[in-house]
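> Dropping a structure here in structure tokens format, bear with me for questions.
The values are calculated or read from the model by the stated rules, or taken from the named source; none is laboratory data. A quick note: this is a predicted structure, and the numbers were derived from the prediction, not measured. Positions of Cβ are generated from backbone atoms using ideal geometry, with glycine treated the same way; all protein chains shown enter the neighbour counts. When the accessible area is computed, the model is the full protein with side chains, heavy atoms only, and any ligands, DNA or RNA have been set aside. Shrake-Rupley method; radii C 1.70, N 1.55, O 1.52, S 1.80 Å.
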Amino acid sequence: MSTAGITASRATADGAPPLVEVEDVTFFYGESLILQNISCSVREGEFVSIIGASGCGKSTLLQILDGALQPAAGRVEVGGKPVAARNAERAMVFQSFALFPWRTVLDNVRLGVDYRRRDLSRKQRNEVARDYLNRVGLSKAEKSYPYQLSGGMQQRVGLARAFAVQPTLLLMDEPFGALDAQNAELLREDVRALVAQEQRSVVLVTHNLDEALQLSDRILLLRAAPGRVEDDINVRELRDDAENWRIDYSRHRDRLWDFLRQEVAAAQGRSLEDRS
Amino acid sequence: MTQQQQRIQQVGRTLPVQPQRSGWLVRHQQRLLPIATVVAILAIWEGLGRVAGWNPLFFSYPSQIWSGGLELAQGPLWSDLRVSGTEFLLGMVISVLIAVPVGLVMGTSKRLYWAFDPIVSALYSTPVLVLAPMLVIWFGLGIASKVAIVVILSTFPVMINLTEGVRNTDRVLLRAARSFGANRWNLNRDVVLPSVTPFFITGLRLAVGRAMIGVIVGEYIASTQGIGYQINADAELFATSRYLAGVMVIVIFSVAVMELLKFLEKRMAPWRHRELVRE
Ligand SMILES: Nc1ncnc2c1ncn2[C@@H]1O[C@H](COP(=O)(O)OP(=O)(O)OP(=O)(O)O)[C@@H](O)[C@H]1O
Ligand SMILES: [Mg+2]
């Protein structure tokens, strides 16, 4: 275990208690085995990215963590309790934003607050939503509708909606995948700032190696057909131990890319086989 | 300030900074053009009618139709409108009352959808108007038979659209709502219902058109009152001006109802309207 945590910007000790525990999870879609004996964990305050080829089951795993899908076998616990569909500790950010077109921006941000904080008055819930809208710099847009905003702004609303429920675990499925490079970069900064301010634990699914290396404490490499955890890379430890992170960075990036390239090639091979 | 800077300032001052505003006619052309078209057609029609002097039994023109309309308005028009309007409204209300629950349930349950959708689709696409004579035999010459005709015509478009609306509810939005803690009731109220609304209005629009046909044709076939009855009677008497005035009443009524529905759609589903406009 590393002891170099002093330089880390956040108080995520490797000794922090586990928040998410996944043990031997197996999942089928109908007949086809999607995930086989997946085990992994996320500690409190940790930022974990999941990388793998398209179709390897990343979104499936995320939905299992969200309680939206039930595994055929295995144990999934968040905060020491089995995940249930409507537990309060999670929030999701979607690649397609998943904003409600008939709701104003403020009403969209308030969605989870409305459902989970029934103890608060409407006014208080509005206050919470406004607060988080303000943090993503969209106070002025509260009365707009999603279709009036650019993609980057829409995903900011998605972020505010997720953070507004003050989740202990934030799940993000390729949240910047639908954005142009500049907006994606801006949003990454927002996420980094919010996660640091609010001390959230995050599981991020991404195809972007730099994103994973820059944001995460750990990276899980997922192998496909069926999905298994191939490797669990402690980026924070590597970063802390590195004498020159810039040099090491590109070495680690190359390594990740080697893995991903093989996986993508294998996936293409499989799909060709399916066709013949 | 150097000479060059001064020069730049001068040029800046002389440039036409104000955006060009186009004239009133150009800005309102979308609304003006259809009016102009109608006026032009009426004018040509009127001129043709006056100059050609065709037999008034077979041909009429705007000013004549207008006096025919005045004649109607002093005579049976209002009681006819009341009868036809009642048939239309009652038929629509009953159609909606049947279509909404059935349509929603069929959209929610896969099994019921599989079981009933073929029948509903078949009934929607057959011209059930051919059943009108039978409904007259069952329900008589009065309002009831026309209401029945409207119901068999108008229920299915509303039903089908509601079913499709429920089935087309965005799965990602359902997932998002569930993920943020929505219960079943929340899902229906906050996701399904708003997504169904535009489909419902589309269904209503189709239903209104069919209901109107149902009322008029029903009255044509067998009745003692109503706009359709009046039109038929005038046509048989070769009172062409009055006949065409009756037709105009129907046209005005249809346009008014359609505009009302468009307005409702803008009010109840503004995101949809604006999304379409934005493209
Ligand atoms: N509803 C479903 N029914 C059946 N199979 C599914 C369903 N959803 C996904 N799959 C299959 O499960 C596998 C894993 O899907 P998943 O969406 O988890 O992949 P992913 O890693 O998120 O891929 P991507 O990077 O493209 O988002 C894929 O092979 C996919 O075809
Ligand atoms: Mg995915």
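> Residue by residue through segment A:19-36, note down the ones that are of a type in the set (Asp, Glu) and more than 15 Å from residue A:65 (Cα to Cα).
If we filter segment A:19-36 for residues that are of a type in the set (Asp, Glu), which is where we start, we get A:21, A:23-24, A:31.
Listed by number, the list holds a single entry, A:31.
> Condition first: assigned to a helix (DSSP H, G or I) and in contact with a helix residue (DSSP H, G or I) (Cβ under 6 Å, 6 or more places away or on another chain). Now tell me which residues in segment A:140-154 satisfy that. Walk me through how you get there before you give the answer.
Residues of segment A:140-154 that are assigned to a helix (DSSP H, G or I), as a first pass: A:140-141, A:146-148, A:151-154.
Result: A:141, A:146, A:147, A:152, A:154.
> Something else now. So in segment A:136-149, with the set limited to residues that are crowded, with 18+ Cβ neighbours inside 10 Å and at the interface with another protein chain (Cβ under 10 Å from one of its Cβ atoms), which one is nearest to residue A:167 (Cα to Cα)? Even if it seems obvious, please write down each step before you answer.
Residues of segment A:136-149 that are crowded, with 18+ Cβ neighbours inside 10 Å, as a first pass: A:136, A:138, A:141-142, A:145-146, A:149.
Narrowing the set further to residues that are at the interface with another protein chain (Cβ under 10 Å from one of its Cβ atoms) leaves A:145-146.
Values: A:145: 25, A:146: 23 Å.
This residue is A:146.
> Restricting to segment B:96-113, give me the number of residues that are open to solvent by 40 Å² or more (accessible area, probe 1.4 Å) and within 26 Å of the chain's Cα centre (by Cα).
Of the residues in segment B:96-113, 7 are open to solvent by 40 Å² or more (accessible area, probe 1.4 Å) and within 26 Å of the chain's Cα centre (by Cα).
> Which condition breaks for residue B:252 when tested against (1) open to solvent by less than 70 Å² (accessible area, probe 1.4 Å); (2) modelled with pLDDT of 90 or more; (3) under 24 Å from the mean Cα position of the chain (by Cα)?
Exception for residue B:252: condition (1).
> Suppose we keep only residues that are in a loop (DSSP other than H, G, I, E, B) and away from chain A (no Cβ under 11 Å) within segment B:150-180. Which one would you say is surrounded by the fewest Cβ atoms within 10 Å (Cβ to Cβ)? Walk me through how you get there before you give the answer.
The initial filter retains those residues of segment B:150-180 that are in a loop (DSSP other than H, G, I, E, B), namely B:168-170, B:180.
Narrowing further to those that are away from chain A (no Cβ under 11 Å): B:168-169.
Details: B:168: 12, B:169: 20.
Among them, the one singled out is B:168.
> Taking residue A:199, is it within 14 Å of chain B (Cβ to nearest Cβ) and more than 16 Å from ligand 1 (Cβ to nearest atom)?
No; evaluated as a whole, the condition is false for this residue.
> Is it the case that residue B:143 is closer than 30 Å to residue B:82 by Cα, more than 8 Å from every other protein chain (Cβ to nearest Cβ) and open to solvent by 30 Å² or more (accessible area, probe 1.4 Å)?
Yes, satisfied.
> Looking for something within 24 Å of residue B:173 (Cα to Cα), within 16 Å of ligand 1 (Cβ to nearest atom) and in contact with a Lys or Arg (Cβ under 7 Å, 6 or more places away or on another chain) - is there at least one such residue anywhere in segment A:43-50?
Taking every residue of segment A:43-50 in turn, at least one turns out to be within 24 Å of residue B:173 (Cα to Cα), within 16 Å of ligand 1 (Cβ to nearest atom) and in contact with a Lys or Arg (Cβ under 7 Å, 6 or more places away or on another chain).
> If residue B:183 satisfies every condition in (1) within 14 Å of chain A (Cβ to nearest Cβ); (2) open to solvent by 50 Å² or more (accessible area, probe 1.4 Å) but one, which is the exception?
Going through the list (1) within 14 Å of chain A (Cβ to nearest Cβ); (2) open to solvent by 50 Å² or more (accessible area, probe 1.4 Å), residue B:183 breaks only (2).
> Could you please give the count of residues in segment B:23-32 that are surrounded by 10 or more Cβ atoms within 10 Å (Cβ to Cβ) and assigned to a helix (DSSP H, G or I)?
Count: 3.
Table: residues versus (1) within 16 Å of ligand 2 (Cβ to nearest atom); (2) without any contact (Cβ under 8 Å) to a residue 60 or more places away in the chain.
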residue	(1), (2)
A:198	no, yes
A:202	no, no
A:205	yes, no
A:208	yes, yes
A:211	yes, no
A:217	no, no
A:232	no, no
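> Quick check, is residue A:223 open to solvent by 10 Å² or more (accessible area, probe 1.4 Å) and in contact with a Gly (Cβ under 9 Å, 6 or more places away or on another chain)?
yes
> Which condition breaks for residue B:195 when tested against (1) free of Cβ contacts under 8 Å to residues at least 24 places away in the same chain; (2) at the interface with chain A (Cβ under 10 Å from one of its Cβ atoms); (3) not β-branched (Val, Ile, Thr)?
The one condition residue B:195 does not meet is (1).
> Identify, from the list A:184, A:178, the residue that is assigned to a helix (DSSP H, G or I) and surrounded by fewer than 21 Cβ atoms within 10 Å (Cβ to Cβ).
Numbers: A:178 fails: assigned to a helix (DSSP H, G or I).
Checking each option against the conditions leaves just A:184.
> If you don't mind, another one. Of the conditions (1) surrounded by 15 or more Cβ atoms within 10 Å (Cβ to Cβ); (2) away from chain A (no Cβ under 14 Å); (3) under 30 Å from residue B:90 (Cα atoms), residue B:224 satisfies every one except a single condition; which number is it?
(1)
> Out of A:95, A:70, I need the residue that is at pLDDT 85 or above, among the polar types (S, T, N, Q) and within 26 Å of residue A:164 (Cβ to Cβ). Which one?
Exactly one of A:95, A:70 is at pLDDT 85 or above, among the polar types (S, T, N, Q) and within 26 Å of residue A:164 (Cβ to Cβ), namely A:95.
> Can you tell me how many residues in segment B:71-102 are assigned to a helix (DSSP H, G or I) and in contact (Cβ under 8 Å) with a residue 24 or more places away in the chain?
So the count comes out to 21.
> A follow-up question, please. Mind counting the residues in segment B:114-128 that are among the hydrophobic types (A, V, I, L, M, F, W, C) and open to solvent by less than 50 Å² (accessible area, probe 1.4 Å)?
Final tally of qualifying residues: 2.
> Moving to a separate point now. Can you pull out the residues in segment B:262-275 that are more than 10 Å from every other protein chain (Cβ to nearest Cβ) and at pLDDT below 80?
First pass over segment B:262-275, keeping only residues more than 10 Å from every other protein chain (Cβ to nearest Cβ): B:262-267, B:273.
Across segment B:262-275, the qualifying residue is only B:273.
One line per residue, one yes/no per condition, for (1) within 30 Å of residue B:193 (Cα to Cα); (2) not β-branched (Val, Ile, Thr):
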position	(1), (2)
B:75	no, yes
B:88	yes, yes
B:97	yes, yes
B:109	yes, yes
B:115	yes, yes
B:120	yes, no
B:124	yes, yes
B:129	no, yes
B:137	no, no
